[in-house]
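Bear in mind these aren't lab numbers, they're just calculated from the coordinates by the rules spelled out. Treat the numbers as computed from the prediction; the structure is a model and nothing was measured. Cβ sites come from the backbone with ideal geometry, for glycine too, and all protein chains shown count toward neighbours.
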Amino acid sequence: MIARNGIIEGIEFCPSPNFDNRPKNEEIDLIVIHAISLPPKNYDTQLIRDFFSNKLNPQRDHFLESIAGLKVSSHFLVTRHGELLQFVSMEKRAWHAGVSEFKERKNCNDFSIGVELEGCDEELFEISQYECLIELLKFLIIEYKISPNNIVGHSEIAPGRKTDPGPNFDWNLVKSAL
Ligand SMILES: [Zn+2]
């Protein structure tokens, strides 16, 4: 993998308007793993693209109606088929973590990279998703000198508020591959 201006070359880039600048001199040293499916438990990657682009059509579904006004994003999405998409340059602050805290540092969006996996709490992730995620994590660890200990789930930095990537995410598989 090669990144230029914080964007990985050779993968699909779907620019999201939902980002801003990281605080000055803030170093990236955390990776946050998420899971998303829209509507929940359905794997329609286009709806995630639409959601992060503020183009969600809420009339399709009640759940979509409830999130249509949110302005959120992540740097990356690993689709159900193990394909990697990027929405925000890693040099910029994506809006994925919300109210959050890691080792007494608040606002994790300031210093983290957000990676969404297409999935949900109730179902296993696909092997191709782990393969794609591990390749990405290996790259990010080297590119930004991030400690493998600083790869966490959303639920870990927003306990009580978030449950993703959920109980089916195989942390041992991922950590042992890094
Ligand atoms: Zn999340």
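Couple of notes before you dig in:
- Segment 144-157, subset within 14 Å of the ligand (Cβ to nearest atom) and over 13 Å from the mean Cα position of the chain (by Cα), residue farthest from Lys106 (Cα to Cα): Glu156
- Every residue from segment 158-178 that is in a loop (DSSP other than H, G, I, E, B), away from the ligand (no atom under 13 Å from the Cβ) and not acidic (Asp, Glu): Gly160, Pro167, Asn168, Leu178
- First in segment 157-172 and closer than 18 Å to Lys103 by Cβ, second anywhere and within 10 Å of the ligand (Cβ to nearest atom), Cβ under 6 Å, 6 or more apart: Ile157/Ser100; Ala158/Ser100; Lys162/His154; Lys162/Ser155
- When the strands (runs of 3 or more DSSP E) confined to segment 1-103 are screened for residues that are among the aliphatic types (A, V, I, L, M), those reaching at least 2 such residues are found at 30-36, 76-78, 84-86.
- Filter result for the condition that a residue is within 26 Å of Lys24 (Cα to Cα), over 14 Å from the mean Cα position of the chain (by Cα), away from the ligand (no atom under 16 Å from the Cβ) and of a type in the set (D, E, K, R), over Glu104, Glu65: Glu104
- Failed condition for Asp110, given (1) within 25 Å of Glu9 (Cβ to Cβ); (2) in a helix (DSSP H, G or I); (3) in contact (Cβ under 8 Å) with a residue 40 or more places away in the chain: (1)
- Selection within segment 86-101: residues that are within 16 Å of the ligand (Cβ to nearest atom) and of a type in the set (A, V, I, L, M). The member of this set that is farthest from Asp50 (Cα to Cα) is Val99.
- Only residues that are buried (at least 22 other Cβ atoms within 10 Å of the Cβ) and away from the ligand (no atom under 13 Å from the Cβ) were counted in segment 25-37, giving 1.
- Selection count, segment 119-157, where residues are part of a helix (DSSP H, G or I) and farther than 23 Å from Glu9 by Cβ: 8
- Scan of segment 107-142 for residues that are under 12 Å from the mean Cα position of the chain (by Cα), under 25 Å from Asn21 (Cβ atoms) and among the charged types (D, E, K, R), ordered by number: Glu116
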